[in-house]
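*Asks:* Would you mind keeping the following structure in view while I ask a few things?
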Amino acid sequence: MRLIGIKSSLHPEQLRNKLTVNPPLLELHLWQHDLDELEKTKLAIQELAREHPSMKLMLHTPLGEDDEELCIDGDYEMLSRFAELTLCDKQVIGAVMHPEQSIFNADRAKENITRLRSEHTSAEQMFYYENLSGDRTRKLEDFKSFIIEFGIKKVTVDLAHAAAFHSQEQIEALYSWLKAHNIEIYTHISDNVQHSGDTRPKHLGEGDLDFSSLVKLIDFGVIETYSSDELKGTEIKQDYGRYLKI
């Protein structure tokens, strides 16, 4: 079953505008204050689910006000709160987790994953670990090593991150490898220029990725592109429409 959606924050105006395309899947980009106000955020997600009972939800690891991301090698208390949020409603079907900010702390990551699997088993099983631009997962071969070493069963493949340092052929080989190893795949869909070194997502058609080929590999994911006005979300909605027509 193909399940493709878009991304939004919980800001009411942004939600209202982005939901005009009636996506069957919505990824919620969270902020540090969403974890600080955990019960309020739970209620907001539950209300969103009630208003759109057929729509599935994904959560994205929170971004702090100083652009610090919550990563698996970070603060365990915050990871625990994020795990709790992941289980707040049955329409939440997964959560994107970042392995590292820049430098990977392997010992802390192992300790955190072990604790999460013990104390928040159901939530950790819903985490989709993403390839980033840090020292542990930037290269796809290193990403595969991370998956094996940490026993990861679900991943997020970010096309912009991957294409920045690899060819499309290498990206497609990653999908084949993941499927051969029975790893569940969620995708952040955007365009980019292969081997550009720039991880910022581009709108569909602004890079050199061949989506007529990639679309055959992607069953589950969201469009992740920026809009000039995030509250209106005009460009991400356009990218969503373009992708569905491929």
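The values are calculated or read from the model by the stated rules, or taken from the named source; none is laboratory data. From a predicted model like this one, the values you see are computed outputs, not experimental measurements. We place every Cβ from the backbone using ideal geometry, glycine too, and count neighbours over all the protein chains shown.
*Asks:* Could you tell me whether any residue of the range 232-241 is outside any helix (DSSP H, G or I), surrounded by fewer than 16 Cβ atoms within 10 Å (Cβ to Cβ) and of a type outside the set (D, E, K, R)?
*Replies:* Taking the range 232-241 and keeping what is outside any helix (DSSP H, G or I), we get 232-233.
In the following step, the residues that additionally are surrounded by fewer than 16 Cβ atoms within 10 Å (Cβ to Cβ) were identified as 232.
Now narrow it down to the ones that are of a type outside the set (D, E, K, R): none.
Looking through the range 232-241, none of the residues is outside any helix (DSSP H, G or I), surrounded by fewer than 16 Cβ atoms within 10 Å (Cβ to Cβ) and of a type outside the set (D, E, K, R).
*Asks:* Without any contact (Cβ under 8 Å) to a residue 40 or more places away in the chain, under 15 Å from Ala106 (Cβ atoms) and in contact with a His (Cβ under 8 Å, 6 or more places away or on another chain) - does that describe any residue in the range 140-153?
*Replies:* Step one: of the range 140-153, the residues without any contact (Cβ under 8 Å) to a residue 40 or more places away in the chain are 140-145, 147-149, 151-153.
Going one step further and asking which of them are under 15 Å from Ala106 (Cβ atoms), we end up with 142-143, 145, 147-149, 151-152.
Of the ones still in play, those that are also in contact with a His (Cβ under 8 Å, 6 or more places away or on another chain) are 147.
Within the range 140-153, one or more residues are without any contact (Cβ under 8 Å) to a residue 40 or more places away in the chain, under 15 Å from Ala106 (Cβ atoms) and in contact with a His (Cβ under 8 Å, 6 or more places away or on another chain).
*Asks:* Determine if the range 129-138 includes at least one residue that is over 18 Å from the mean Cα position of the chain (by Cα) and at pLDDT below 95. Don't jump to the end; show me each part of the working.
*Replies:* Restricting attention to the range 129-138, the residues satisfying the condition of being over 18 Å from the mean Cα position of the chain (by Cα) are 135.
Checking which are at pLDDT below 95 leaves us with 135.
Yes: the range 129-138 contains one or more residues that are over 18 Å from the mean Cα position of the chain (by Cα) and at pLDDT below 95.
*Asks:* While we're looking at this one, here's another question. So the check is Cβ under 6 Å with 6+ separation or different chains; which pairs have a first residue in the range 119-133 that's more than 13 Å from Leu79 (Cβ to Cβ) and a second one that's part of a loop (DSSP other than H, G, I, E, B)?
*Replies:* Asn131/Thr137; Ser133/Thr199
*Asks:* Could you check Leu244 against (1) in contact (Cβ under 8 Å) with a residue 40 or more places away in the chain; (2) within 14 Å of the chain's Cα centre (by Cα); (3) closer than 24 Å to Leu15 by Cα and say which number it fails?
*Replies:* (2)
*Asks:* Are any residues in the range 32-43 touching a strand residue (DSSP E or B) at 6+ places or on another chain (Cβ under 9 Å) and either surrounded by fewer than 18 Cβ atoms within 10 Å (Cβ to Cβ) or under 17 Å from Phe220 (Cα atoms) (or both), and if so, which ones? Talk me through it step by step, then tell me what you get.
*Replies:* Keep residues of the range 32-43 that are touching a strand residue (DSSP E or B) at 6+ places or on another chain (Cβ under 9 Å), which gives 32-35, 41.
Hits for the range 32-43 are Gln32, His33.
*Asks:* What do you reckon, is Thr41 β-branched (Val, Ile, Thr) and touching a residue at least 40 places away in the same chain (Cβ under 8 Å)? Please lay out each step first, then the result.
*Replies:* Details: β-branched (Val, Ile, Thr): yes; touching a residue at least 40 places away in the same chain (Cβ under 8 Å): yes.
So Thr41 fits the description; yes.
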